[in-house]
Amino acid sequence: MKALNELISLAQDTLRDNDRGGYTIPTKGLYPFQWNWDSGICALGWQTFDEPRAWKELHYLVKGQWDNGMIPHIIFHGPSDEYFPGPDQWGLKDRSLPTTSISQPPLLATIIRTLDEQARDQSAAAREVRHLLPGILAYHRWWYRDRDPEQTGLVVSYHPWESGMDNSPAWDGALDRVPRVDREYHRRDLEHVDHDQRPLQAQYDRYLYLVDFFKNNDFDSTAIYENCPYRIQDVGIISILHRGTLDLITLVEKYLPDEDINDLREATERTVSALPGLWHKGRQAYVNRDLITDKQIPVVTTASVLPLYGKLLEPDQARILAQQIEQWIDGQPCGLSSTHPDEPEFDAKRYWRGPSWLHVNWLITQGLQYYGETLAQEKIETASRRIVDDHGYWEYYHPLTGEGCGGSNFSWTAAIALYWILDPIRTSS
Ligand code: DGY
């Protein structure tokens, strides 16, 4: 077992090594740009030892925001030929700051509220929040306007990469119906990570078809909403967005008390009313819905328990999910597997089909703590501490052995370890 100070300096060094002067790349080689939800988690890590740098991370992310409010999933701040699909593939390389054309789980508002409430320099925090808030308001309004034009309460996502849980088996059926791209391309991810830890070629062909589809539709929200061959109500995104909006409302009440945010309050009410439509009776968990077939997708993944984090549940529903987690993690000494082990597609080392992810473990414990579900919370915390003690900062981990998988020296793992597992104050509270 390593000493606490050794683990802390290793994690800080990981963030410093991956710092590109204002934004943090997830890891060298595999991911050489700024990713949306990675950045939010990185900011939490930076805050533990360099508060100004934490705020800077968020400013760099918001630089990539589109005029319609969308904050993209990747901001291509500088050139790199190590990643595919890069800016040329998305059809947006001529933007002053090239980006992708999709988003990612909107953690940002919650991260800003956390940084603000825990800031050592409160006046700097107030300045930063005032500067960031208009962009974040526009971002949330974009989700509710462009991704839920019929006001169902459940926003839609158009690409597995938007979920952040790229090759989750929950997307298999919907993705299978997407045509495969029929042009040649060269995957760069397989030069950095073993094949058996990455998505399959058949999935990549469809990821790229969707990238082309957005470009061919001139990124037009209405055309994409009507015609995209992949449309999912993702319970992970929906929960994270809902929690983010609650935190955004708190920030606006504090810093922009004259701003009219009734639209956001109404959006949260719609989501609360609609969420029961994602409850799967047989699985006793929330699941995603495929909007093309208009059917629930009966696959249990870590997204299924994120309504806890979203503060979307009544206590009796939270109890059911906590019991699920207590059983799910038994036999998984190295964290909650991203796909439930009873699912036939469970694959312990393949990206989002089985491995445990430290930041997702943290999100879930946040929800469990909120509902006072301490047994499940402690089980996840113990497993997460073990990963950090024994295996260092990998992208994801084999949930049974703790073997580090994917990219090494990984920023968001180091960041959330600093903020959560290695912080003596927060861990003892
Ligand atoms: C990748 O390239 O694997 C990324 O996860 C896409 O966001």
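The values are calculated or read from the model by the stated rules, or taken from the named source; none is laboratory data. As the structure is a computational prediction, the values presented were derived from the model and not from experiment. No Cβ is skipped: glycine too gets one built from the backbone with ideal geometry, and neighbour counts run over all protein chains shown.
Structural remarks
- Qualifying residue in region 53-64 (condition: under 24 Å from TYR209 (Cβ atoms), within 16 Å of the ligand (Cβ to nearest atom) and assigned to a helix (DSSP H, G or I)): no
- Selection status of GLY367, in contact (Cβ under 8 Å) with a residue 12 or more places away in the chain and part of a loop (DSSP other than H, G, I, E, B): no
- Any hit, region 349-363, residues being assigned to a strand (DSSP E or B) and aromatic (Phe, Trp, Tyr): no
- Criterion: touching a His at 6+ places or on another chain (Cβ under 7 Å) and not aromatic (Phe, Trp, Tyr) - qualifying residue of ILE102, ILE112, ILE71: ILE102
- Restricting TRP362, TRP352 to those that are among the hydrophobic types (A, V, I, L, M, F, W, C), closer than 30 Å to SER123 by Cβ and modelled with pLDDT of 95 or more reduces the list to TRP362.
- Checked against the criterion of being modelled with pLDDT under 95 and within 14 Å of the ligand (Cβ to nearest atom), the candidates PRO72, PRO79, PRO87 yield just one match: PRO87.
- Meets criteria (outside any loop (DSSP other than H, G, I, E, B), in contact with a Pro (Cβ under 9 Å, 6 or more places away or on another chain) and of a type in the set (Asp, Glu)) for ASP196: no
- Candidates ILE240, ILE224, filtered to the one that is in contact (Cβ under 8 Å) with a residue 12 or more places away in the chain, closer than 19 Å to TRP37 by Cβ and not basic (Lys, Arg): ILE240
- Evaluation of SER103 against the conditions (1) more than 21 Å from GLY407 (Cβ to Cβ); (2) surrounded by fewer than 20 Cβ atoms within 10 Å (Cβ to Cβ); (3) within 15 Å of the ligand (Cβ to nearest atom) shows that the sole unmet condition is (2).
- Residues being surrounded by 22 or more Cβ atoms within 10 Å (Cβ to Cβ), away from the ligand (no atom under 11 Å from the Cβ) and not in a strand (DSSP E or B) - total across region 12-41: 8
- When PRO298, PRO276 are screened for being surrounded by fewer than 13 Cβ atoms within 10 Å (Cβ to Cβ), within 23 Å of the chain's Cα centre (by Cα) and free of Cβ contacts under 8 Å to residues at least 40 places away in the same chain, only PRO276 passes.
- Any chance PRO98 is surrounded by 23 or more Cβ atoms within 10 Å (Cβ to Cβ), touching a Gly at 6+ places or on another chain (Cβ under 9 Å), at pLDDT 95 or above and not polar (S, T, N, Q): no
- Residue check for ILE387: within 17 Å of the chain's Cα centre (by Cα), among the β-branched types (Val, Ile, Thr) and either surrounded by 23 or more Cβ atoms within 10 Å (Cβ to Cβ) or modelled with pLDDT of 95 or more (or both): no
- Enumeration of residues in region 90-100 that are over 20 Å from GLY40 (Cβ atoms) and away from the ligand (no atom under 12 Å from the Cβ): GLY91, LEU92, LYS93, ASP94, ARG95, SER96, PRO98
- Leading residue by the ranking (farthest from TRP352 (Cα to Cα)) among those in region 145-192 that are surrounded by fewer than 17 Cβ atoms within 10 Å (Cβ to Cβ) and of a type in the set (Ser, Thr, Tyr): THR152
- Region 84-97 - residue that is free of Cβ contacts under 8 Å to residues at least 24 places away in the same chain and farther than 18 Å from ASN216 by Cβ and, of those, farthest from the chain's Cα centre (by Cα): SER96
- Any chance ASP67 is more than 16 Å from the ligand (Cβ to nearest atom), among the charged types (D, E, K, R), in a loop (DSSP other than H, G, I, E, B) and modelled with pLDDT of 95 or more: yes
- Take the conditions (1) in contact (Cβ under 8 Å) with a residue 40 or more places away in the chain; (2) within 22 Å of the chain's Cα centre (by Cα); ARG206 misses just one of them, which is (1).
- Region 118-189 holds helices (runs of 4 or more DSSP H) entirely within its bounds, and those carrying 2 or more residues that are away from the ligand (no atom under 16 Å from the Cβ) map to 122-146, 172-176.
- Restricting attention to region 193-214, the residues that are more than 16 Å from the ligand (Cβ to nearest atom) and under 20 Å from PRO355 (Cα atoms) total 0.
- Residue match in region 374-385 (condition: part of a loop (DSSP other than H, G, I, E, B) and away from the ligand (no atom under 16 Å from the Cβ)): no
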